[in-house]
Each structure stands twice: as structure tokens, then as C-alpha cells.
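The values are calculated or read from the model by the stated rules, or taken from the named source; none is laboratory data. Values in this document were obtained by computation on a predicted structure and should not be read as measured data. A quick note on method: Cβ atoms are made from the backbone with ideal geometry, for glycine too, and the neighbour counts reach across all protein chains shown.
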Amino acid sequence: MEAAPEGGDVALDCGSEQLMLPAAAFKFKGKTKKVTVESFLPSVVEPSFGIGRIINGVLEHAFVMRASSAKEKRYVLALPALVAPIKAVVLPLDKRVDAALVRRVKNNLMDKDLATATDESSVSIGKRYSRFDEVGAAFAITVDFDSSKDDCVTLRERDSAAQVRVPVSHVAVLVKDMCMGRLEWSSVTNTYPVVTTGEDKVAESTVGAAKGVGIASGPASGAGGEGSPPSDAVPIAELSTSEPLEPLAPSQLLLDQVRGSARPRAALVVEGLDRNYGRFARPAGSK
């Protein structure tokens with residue numbers, strides 16, 4: 001609507017035609033109004049469900065059962081490591097294991113701001129693995145009797161149940177970077193000696209199918225047949241470099257240092273059939 005000069009007619013635009021209103025039909029009046037509340041329609045979508053349904057949906061997809069054993073049901077909370085409630089659990093193989101070394105491993109993990117737990121109960125290591133798989137612990141670190149000799153521990157990934165032998169100074173860096181998505185588990189299994197046990201020898205297909213993961217084929221199976229190290233394997237103690245690695249070095253640097261060794265490929269096989277997790281098969285002729 002366009003107003004004409006005072007006292008004149010007003011042109012009213014009505015689409016295709018224009019109407020003229022005489023000045024006698026209306027009048028203008030100025031007024032001041034105080035506005036205390038301004039209402040508006042927000043341009044957002046407000047969902048009708050709460051956080052409970054979201055969590056229920058996540059658990060529905062992440063809580064699975066391993067298909068490895070029909071007699072004993074083993075459940076896994078297969079959450080991504082980034083959101084796992086427990087990033088790593090430290091498990092001494094036996095109460096006779098060096099307690100100072102267990103505390104050292106745990107402190108290294110806590111220094112990286114990783115949610116860490118410890119289970120020193122007397123049940124078997126397999127049951128403790130299963131116990132923390134069920135609550136979603138992303139990684140398990142086993143300290144055994146050989147750890148005091150070679151300063152190495154066994155690092156186990158929850159979903160594939162695959163295990164590798166890792167120096168104590170490397171484990172916290174590796175777990176941190178895997179939890180943050182900067183490092184893949186396959187890179188770890190391709191770099192460090194793979195540990196084969198009687199309990200976790202075959203990949204659990206249920207979790208692997210749900211998350212697209214499986215036990216990476218490592219150097220543990222060689223020409224010597226199933227359960228034996230390859231002929232060119234070297235003991236884990238010989239993997240260490242001449243100078244100790246910095247604990248705060250990036251995980252990729254650790255992998256490059258291990259891979260860059262001129263030594264032949266290494267393999268480590270646990271004689272798990274007799275459930276003796278503290279013994280390791282070594283190549284003939286090694287001390």
C-alpha cells in the first residue's frame with residue numbers, strides 16, 4: 001500500500017489490479033507501544049525421544065555373543081575404542097607376577113589419560129578376558145612371568161581376540177593412538193610378534209562380522225606347521241633396539257623403529273594347548 005500526500009487518495013495494490021481509496025475513508029495516527037515480550041517460531045526440530053532410546057539402540061547393535069563356543073556363552077560389548085568405558089585392563093597372569101611391573105604398566109596408561117582397570121583375581125586368564133569383554137574394555141594387557149625378563153607384555157584386542165607381544169615402553173603409546181583412531185590394529189599385528197593361544201586361536205566370527213574385523217594374519221604360523229614358529233624367527237628379547245625408546249614417542253615412530261630392524265622377521269607362539277600362558281616357543285638354537 002502506497003500512501004499519497006496528506007489529504008490525498010491511497011493506491012492499494014491487489015495483484016492484477018490497483019484500487020484507489022479516497023482520503024475520507026481512512027486516517028493515519030502515530031502511536032508509541034512498549035514491547036516487553038517478543039514471540040517467534042524457532043527453526044529447529046525437537047526430537048520426541050530421549051537419551052535412553054539412543055543408548056538402547058547403541059547397545060542393541062554393539063552387544064553380541066561370540067560364536068566360538070556353543071556350551072559357554074561369551075558376550076562382548078563391541079563399542080569402538082574411542083567410546084569404550086574402559087580403554088585397557090591390566091591382568092597379572094598370576095599373583096606371583098611382579099607387582100611393581102603391573103603398577104608400572106598401569107601408571108603408564110594413566111599418564112596417557114586412559115581409563116584403566118586391574119583384575120588380580122585368581123580365576124583363569126580366559127575368564128578374566130571374557131569378564132572385561134562383556135563390559136566393553138577395548139584392550140587387555142597381560143603381565144606374565146617372562147615380562148620381568150624381557151620387559152614385554154601381551155596386548156590383546158577385544159573384538160578379534162588377537163594378541164601381540166609388545167615392550168612395556170610401547171604399550172601405552174599404542175593403546176592411546178588406537179583409542180584415538182590414529183593407529184589401526186592391523187598395523188600393530190604386522191609389526192609386533194603375534195601370540196597364538198589355545199583359547200583364542202581362531203577368530204570369533206560373530207564380533208568380526210558385526211564390526212568388519214578379524215584376526216590379522218601375522219607371522220605366528222610358519223613353515224614349521226601349526227603352532228610352531230618360522231625357521232627364521234628370533235626371540236622377543238632380541239627385538240629391542242640398542243638404545244631404549246622414549247615412552248612418549250608417537251606410535252608410528254615406534255612401529256617404524258621395530259620394522260626398520262635388519263633382523264629376520266620375528267614370531268612368538270604361546271603353547272596354549274596346555275593353558276600355560278607363561279611359556280613361549282622359541283626357535284631352535286636360541287638361548
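Within the stretch 179-193, if we keep just the residues that are buried (at least 24 other Cβ atoms within 10 Å of the Cβ) and of a type outside the set (Ser, Thr, Tyr), the residue that is farthest from Met110 (Cα to Cα) turns out to be Pro193. Could you tell me whether any residue of the stretch 47-66 is of a type in the set (A, V, I, L, M), out of contact with any strand residue (DSSP E or B) (no Cβ under 8 Å at 6 or more places or on another chain) and closer than 23 Å to Val153 by Cα? Checking the stretch 47-66: not a single residue is of a type in the set (A, V, I, L, M), out of contact with any strand residue (DSSP E or B) (no Cβ under 8 Å at 6 or more places or on another chain) and closer than 23 Å to Val153 by Cα.
Among what's in the stretch 145-156 and is modelled with pLDDT under 95 and out of contact with any Lys or Arg (no Cβ under 9 Å at 6 or more places or on another chain), pick the residue that is nearest to Val76 (Cα to Cα). Out of the qualifying residues, it is Ser147. So, of the residues in the stretch 153-178 that are among the acidic types (Asp, Glu) and closer than 16 Å to Thr191 by Cβ, which turns out to be surrounded by the most Cβ atoms within 10 Å (Cβ to Cβ)? Among those residues, the one meeting the criterion is Glu157. Filtering Asp133, Asp113, Asp98 for residues that are modelled with pLDDT of 90 or more and on the phi > 0 side of the Ramachandran plot leaves a single hit, Asp113.
A single member of Asp144, Asp150 is surrounded by 20 or more Cβ atoms within 10 Å (Cβ to Cβ) and touching a residue at least 12 places away in the same chain (Cβ under 8 Å), and it is Asp144.
For Val89, the conditions (1) part of a loop (DSSP other than H, G, I, E, B); (2) at pLDDT 80 or above; (3) in contact with a Lys or Arg (Cβ under 9 Å, 6 or more places away or on another chain) all hold with the exception of (1).
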